[in-house]
Every structure is written in structure tokens, then in C-alpha cells.
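The structure appears right after this line, and notes come after that.
The values are calculated or read from the model by the stated rules, or taken from the named source; none is laboratory data. All figures in this text were calculated on a predicted structure; none of them were measured in a lab. Positions of Cβ are generated from backbone atoms using ideal geometry, with glycine treated the same way; all protein chains shown enter the neighbour counts.
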Amino acid sequence: MKIKMFTLLVILGLVLSACSGGGNAPATEPASSGGGTAVLILPEEPTTLNYYLADAAIVRQAADATSMTGLVTIDETGNFVPTLAQEIPTTENGGLSSDYLTVTWKLKEGLKWSDGEALTSDDVKFTVEVLSNPNSGALVGTSGFDLITKTETPDDTTIVLTYSEAYPGYLDQFAYGLFPRHATGKPEEMASWEWNRKPVVAGPFVLSSWESGKSLSFTRNPNYYEAGKPYLDEIVFEIVPEPAAQTAMMLNGEAQMQLWPGEFKADYDTLLTGKAQQYLIPGIWNMAIDFNLSAPFDGDPTASAPHPILGDIRVRQAIAHAINYQSLQQDVLKGSVGDSTNPFAYGWYKCELPRQNGYDVEAANKLLDEAGWVMGDDGIRVAKGAKYAEDGTRLSLELQGYTAFDPLQLTEEFIVENLKAVGIEARIQNYDFSIIFGTFEDNSPRAVGDYDMLIFDRGFTTEPQGYNFDAYHSSRIPTAENPTGGNYFRWVNSEVDAALEAAGTSFDSQTRKDAYCKVGQAVLDELPQVYLYLFQDNYGIADNLTGYTLNTWGSMSWGVQNWKLK
């Protein structure tokens, strides 16, 4: 196997905090003068600046600088801190009622949108209207909005939200940006808003130009709520897919920040001595193989018919046993990743669950024999008495991933060799982000259920309920009637449903953690997916950039209002 240069690098003793999920990320003091232009390198162009319309990480890299300023943000320690809000609503200050059903938010005085219009409580109300609308097209960030039964705006700075049931993720709901009623459109038409690609914002920078395939340029928001900020005059995101060209830009002083550099830290720091350094922080991106438990290409996106091969848990167990996790993590990815066995691998909800189907070629072969898959003359098994597959069916599966990410390609190639050793043929098929993470209406393979195995890295914030309810609850299987559902495995487990419902209604962190760990254990028991490793995040940063704070829960542009150039 040809070893390529890859993106995420050797970790130097950085580990995730089990309590906050964050770490003491590198931070710098701003220089004494402001102004100037900072260039940030992206390997791929974002499709939108509307965070709620995309679940690919690349969108947030740019959106954090402009459209993602909400009532609160999550700082580098993993805690919520107020941004547009005066304070965090709690029972102590009266912002959260004693029965947890009413939340009162107070906006800072004198807030304005980037076009000079007043930012008021009505804009918060409009945001609720959009994200609670099932036809808005939102792919992420909608959890809990359907529980809001009443929105009241007694004055321009106060909004009172009444929930039908207690929702512990009430802070996370408003951490990712607000919508201006006057500059957007109808809630059910959000996917086609002009705002998505040229938003009126409350963030530090405003889009000034977008050259497709080349760059996105942003200038200072003159109405930004923090006086005197941002310090920079302009930031530019350059779209540069080739890793060597990215590093050359850093070497030549043409850029100040590089997302996911392609060299090991030691090599990078040596090559760019006096120009830039590479920084590593704890990450949230958890790599797993997702299995489609339903029959693909039958025109039925529900879970009614089992997958002819993967519908038998013994095949999924054999696949899990066939993967040499230690070699993948240490030899292929050079120790740049940590082990992960389940969805809850970091944060206050971290679940220490041992891997149940570890590397064991003998066990994998035995399971496949028992499942009615006999070895063929070419080393690939065929069905003979299999549970769902017709006799003679070849044990051949497509492994789908996304393009332009070397660690994923290396992982796929390694897994193909591992599976071949036990008689399973895996065929790699990588797609652009827009296809892999596309919508039901766009006929994205995972959304409509037309795939075998899908491999990608996924992550969630300090409030895990929204993502995990969407991913694992049986009511969230995507169909034409439920196109935004995220249960792409088509997994149905009533105990998992109950645990997720319990986690979403309790305000006790230990009760919630216990519920999430039940879900994690069920993932290990029934294998709708197999977890491989946990990434760490890394950035190349020029020596002349100061004022940045790297944040596990943020993006490359988090806190960009504080940046300065020497």
C-alpha cells in the first residue's frame, strides 16, 4: 500500500478532558496594532455560509467568522459563555424557571446587524420559527426547537421561550447563529435563501466577495457588538486542494493559517522554521464505519427489508474482528489518532466501553463460516445457506467515503486489505462532500439507503442530545415523509429509543451520561457501526499571527475578532 502524506498528525501528549471535553488550547496575546489582511487556507470550498444547511466540517471553518454568532458560544474550556446575550439563563438568575419549562433570554443593548438594522428579540423569535419548521431544509442544529410551544417578546431585548417538556440542551440551541427576519425569507424556503451565500450577520466579518473555486473574502463588520473589534481589516479564505501548494503558501508568507496540514509536526516545524508552526489540540472527530442494515436499491428507504449481507449480525461481527485497530492507529496513521470504541469518546459524557469485537482473524473466519459464507476459488466468499442472501451471492460490499482527505483514503485501503484476508471484498467509492453529506431530495446514498458501508468522521458538541437522537432513534430513519432524519443505519432498537428519550429530558448530568452509555453499549452489542479511532485537530499558524485561541469545540476561525498581525 502506497503511504501518502496525510492530514492529522502525531499527538504530543494531548489528551481530551473527560470532564469538559476541552483542553487548555494554545492562546496568544494580541499585538499592539491592528489592521491588515489574514489569509486562511481551506482544502475545499464550502457550499454555504448557513451552518444549519450543512453537516460537513468545512462549512463551519468560514461560517464561524461571520454568520455563526449566537446568543452564546462554547469556549476553549468547553463552557458556554454569553455573546449576544447579557448572561446565561439559569435557575439562580431567574432565566430558567424552577420547572425547567421556561427560558428567558436578555439581549445586550444596542445590537445591530451588519447592514445597520437593529438586532432584536424578534430575530431570535424568527430563528425559532425557522429551525422549528420541518420544511426548512435544516440538516443540523434543530434539536429541541419542536419542543418550544410559545415565544414571547415583551420588549426588543427580551424573549421568553416556553417548552412542552424540559430540554437540557436549551443553551446549545442558540450557540450557532441567528437569522435576521428582514434579510432572509420564509422559514420553509431557507434552503434557497440568497442569505446563505451572502448573509447579513452579527459576526465580526461580512462577506465581500466569493470567487467560486478560488476564494471567499470578508471585511470588518462596522456594527460588530464588541467595540473596537475585529482588529483585522480583512480575512480571505483561499481554496487550495493540494497539500503541497498549501504548505508552499505558508512557507512563502502568503497565508497565516492552514487547516489540517499534510506533514508531520516535526517535519512541518523544521520546513517552516521562522515562518510558521503546527499546533495540535484535542479533537471531536470520531471515525467509524456505518453499516446499512436495510436492503439497498429496492426503492424502499425504510428498515422493512434487511440488507442481504449486512443484515446478519455475524457478518458485521466478522468485519469488526477483521480490522487490526492497533496497526491502523499506530502504523498507518503514525500514532496521530487515539482509540475509540463508541460514539461517546470525549466530553462530560465520555463512556469507557471496551471493544467487544477486537482484531481476531480466526474469530472472523469462524463467524463467516457459521453465517453460510464459504470461501471461493478467488479468495472471496460466496453465499451457501446464508440468512438473507441467495446462494452464489458474492461477499462483496462497497465502502463509501469522501474525497480529498488522505487519512481517510489510507484507512480505506487498510480496511480493504484486512477484509480481503477473511474473504470479504470491499470496493472503495469516494464521493464529493456534497454527495456523501447530501439530502434526501438530492438522492444522497446514505439518506435514501442506497449503500453498503459508509466511512466518515463525525463529532458533536458539549450538548450531545441533538446529534445522537437524530442518529440513533428509530423515529429518525430518513424517508420521503421524514427527509431530514439522520438514522442512516436504519437501526431499530426500543431500548436505545428509551435511553435517548431519558437523556433528552433530564437535567442531571450523571443520569444523562448513564443513558448515553446504554446507547454506546448497544452500538457495541448490535454493531450498526464500528468505531475505528478519534482524530486530533491540527493547524499550521504563521508566526506573525497573534491573538488566536484554538478551541476543540470551535473551528479555525473561532475567535477571529481577536486576531492581529505583527
| query | Can you find even one residue in the range 156-164 that is at positive phi and more than 29 Å from the chain's Cα centre (by Cα)? | reply | no
| request: Among the residues of the range 362-378, write down those that are in contact with a helix residue (DSSP H, G or I) (Cβ under 7 Å, 6 or more places away or on another chain) and either assigned to a loop (DSSP other than H, G, I, E, B) or among the charged types (D, E, K, R) (or both). | output: GLU370, ALA371
| query | Can we say ASP146 is acidic (Asp, Glu), touching a strand residue (DSSP E or B) at 6+ places or on another chain (Cβ under 6 Å) and not in a loop (DSSP other than H, G, I, E, B)? | reply | no
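Under the condition of being crowded, with 19+ Cβ neighbours inside 10 Å and within 28 Å of the chain's Cα centre (by Cα), which residue from the range 264-278 is farthest from TRP491 (Cα to Cα)? Walk me through how you get there before you give the answer.
So in the range 264-278, the residues crowded, with 19+ Cβ neighbours inside 10 Å come out as 265, 268, 272, 276, 278.
With within 28 Å of the chain's Cα centre (by Cα) added as a condition, the list becomes 265, 268, 276, 278.
Working: LYS265: 40, TYR268: 43, ALA276: 46, GLN278: 40 Å.
Per the criteria, the residue is ALA276.
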| For the range 348-361, does any single residue satisfy the condition of being assigned to a helix (DSSP H, G or I), over 30 Å from THR462 (Cα atoms) and out of contact with any His (no Cβ under 6 Å at 6 or more places or on another chain)? | yes
| field | Residue count, the range 208-228 (criterion: within 15 Å of ASP64 (Cα to Cα) and not β-branched (Val, Ile, Thr)) | value | 6
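Condition check ((1) touching a residue at least 40 places away in the same chain (Cβ under 8 Å); (2) in a helix (DSSP H, G or I); (3) polar (S, T, N, Q); (4) farther than 24 Å from ASP537 by Cβ) across all residues:
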residue: SER209; (1), (2), (3), (4): no, no, yes, yes
residue: GLY213; (1), (2), (3), (4): yes, no, no, yes
residue: SER217; (1), (2), (3), (4): no, no, yes, yes
residue: VAL236; (1), (2), (3), (4): yes, no, no, no
residue: ALA248; (1), (2), (3), (4): no, yes, no, no
residue: GLU263; (1), (2), (3), (4): yes, no, no, no
residue: ASP267; (1), (2), (3), (4): no, yes, no, no
residue: TYR279; (1), (2), (3), (4): yes, no, no, no
| query | If the Cβ limit is 6 Å and pairs must be 6+ apart or interchain, which residue in the range 293-311 that is farther than 19 Å from GLY385 by Cα pairs with which residue that is outside any loop (DSSP other than H, G, I, E, B)? | reply | PRO301/VAL448; ALA303/SER294
| task | Only residues that are among the aliphatic types (A, V, I, L, M) and surrounded by fewer than 21 Cβ atoms within 10 Å (Cβ to Cβ): list them for the range 59-89, please. | result | VAL81, ILE88
| For the range 417-449, how many residues are surrounded by fewer than 17 Cβ atoms within 10 Å (Cβ to Cβ) and at pLDDT 95 or above? | 6
| Any idea which residue in the range 227-248 is surrounded by the fewest Cβ atoms within 10 Å (Cβ to Cβ), counting only those that are in contact with a Gly (Cβ under 8 Å, 6 or more places away or on another chain) and among the hydrophobic types (A, V, I, L, M, F, W, C)? | ALA244
| remark: Here, helices (runs of 4 or more DSSP H) confined to the range 453-542 with at least 3 residues that are farther than 23 Å from PHE297 by Cβ and aliphatic (A, V, I, L, M) are 494-503, 509-526
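Select from the range 169-190 the residues that are touching a helix residue (DSSP H, G or I) at 6+ places or on another chain (Cβ under 8 Å), assigned to a loop (DSSP other than H, G, I, E, B) and among the aromatic types (Phe, Trp, Tyr) and write down the one among them that is surrounded by the fewest Cβ atoms within 10 Å (Cβ to Cβ).
Pass one, the range 169-190, residues touching a helix residue (DSSP H, G or I) at 6+ places or on another chain (Cβ under 8 Å): 169, 172-174, 176-181, 183-185, 187, 190.
Applying the additional criterion that residues be assigned to a loop (DSSP other than H, G, I, E, B) yields 169, 176-180, 184-185.
Remaining after also requiring among the aromatic types (Phe, Trp, Tyr): 176, 179.
Numbers: TYR176: 24, PHE179: 26.
Of everything passing the filter in the range 169-190, TYR176 is surrounded by the fewest Cβ atoms within 10 Å (Cβ to Cβ).
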| remark: Sole miss for TRP553 among (1) in contact with a helix residue (DSSP H, G or I) (Cβ under 6 Å, 6 or more places away or on another chain); (2) among the hydrophobic types (A, V, I, L, M, F, W, C); (3) surrounded by 23 or more Cβ atoms within 10 Å (Cβ to Cβ) is condition (1)
| note | Taking the range 239-276 and keeping only residues that are closer than 22 Å to ALA404 by Cβ and acidic (Asp, Glu), one is left with GLU242, GLU254, GLU263, ASP267
| Those residues of the range 438-452 which are closer than 22 Å to ALA404 by Cα, assigned to a helix (DSSP H, G or I) and in contact with a Pro (Cβ under 6 Å, 6 or more places away or on another chain), in sequence order | ALA447
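Please determine whether any residue of the range 393-415 is part of a loop (DSSP other than H, G, I, E, B) and touching a helix residue (DSSP H, G or I) at 6+ places or on another chain (Cβ under 7 Å). Break it down stepwise before answering.
We begin by selecting, within the range 393-415, every residue part of a loop (DSSP other than H, G, I, E, B); these are 393, 395, 403-405.
Filter once more, so that each one left must be touching a helix residue (DSSP H, G or I) at 6+ places or on another chain (Cβ under 7 Å): none.
Looking through the range 393-415, none of the residues is part of a loop (DSSP other than H, G, I, E, B) and touching a helix residue (DSSP H, G or I) at 6+ places or on another chain (Cβ under 7 Å).
Quick check on my filter: what residues within the range 545-557 are assigned to a loop (DSSP other than H, G, I, E, B), within 16 Å of LEU232 (Cα to Cα) and more than 15 Å from the chain's Cα centre (by Cα)? Before the answer, list the steps.
Of all residues in the range 545-557, those assigned to a loop (DSSP other than H, G, I, E, B) come to 547-548, 550-557.
Checking the rest, the ones that are also within 16 Å of LEU232 (Cα to Cα) come to 547-548, 556-557.
The answer is GLY547, TYR548, SER557.
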| Just one of ALA471, ALA499 is within 30 Å of GLU76 (Cα to Cα), at pLDDT 95 or above, surrounded by 16 or more Cβ atoms within 10 Å (Cβ to Cβ) and over 18 Å from the mean Cα position of the chain (by Cα); which is it? | ALA499
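Determine which member of the set TYR548, TYR539, TYR531, TYR516 is closer than 15 Å to ASP457 by Cα and of a type in the set (Ser, Thr, Tyr). Please lay out each step first, then the result.
Numbers: TYR548 fails: closer than 15 Å to ASP457 by Cα; TYR539 fails: closer than 15 Å to ASP457 by Cα; TYR516 fails: closer than 15 Å to ASP457 by Cα.
TYR531 is the lone residue from the list that is closer than 15 Å to ASP457 by Cα and of a type in the set (Ser, Thr, Tyr).
Taking the residues in the range 394-410 that are of a type in the set (Ser, Thr, Tyr) and surrounded by fewer than 17 Cβ atoms within 10 Å (Cβ to Cβ) as candidates, determine which candidate is modelled with the highest pLDDT.
Our first condition is that a residue be of a type in the set (Ser, Thr, Tyr); within the range 394-410, this holds for 396, 402-403.
After this cut, where a residue has to be surrounded by fewer than 17 Cβ atoms within 10 Å (Cβ to Cβ) as well, the list is 396, 403.
Values: SER396: 98, THR403: 87.
So the residue we want is SER396.
Please pick out the residue among VAL315, VAL374, VAL361 that is among the aliphatic types (A, V, I, L, M) and surrounded by 20 or more Cβ atoms within 10 Å (Cβ to Cβ). Write out each step before concluding.
Working: VAL374 fails: surrounded by 20 or more Cβ atoms within 10 Å (Cβ to Cβ); VAL361 fails: surrounded by 20 or more Cβ atoms within 10 Å (Cβ to Cβ).
None of the others qualify; the one that does is VAL315.
If the requirement is being in a loop (DSSP other than H, G, I, E, B), among the aliphatic types (A, V, I, L, M) and buried (at least 23 other Cβ atoms within 10 Å of the Cβ), which of these qualifies: ALA255, ALA166? First the steps, then the outcome.
Numbers: ALA166 fails: buried (at least 23 other Cβ atoms within 10 Å of the Cβ).
After applying the criteria, what remains is ALA255.
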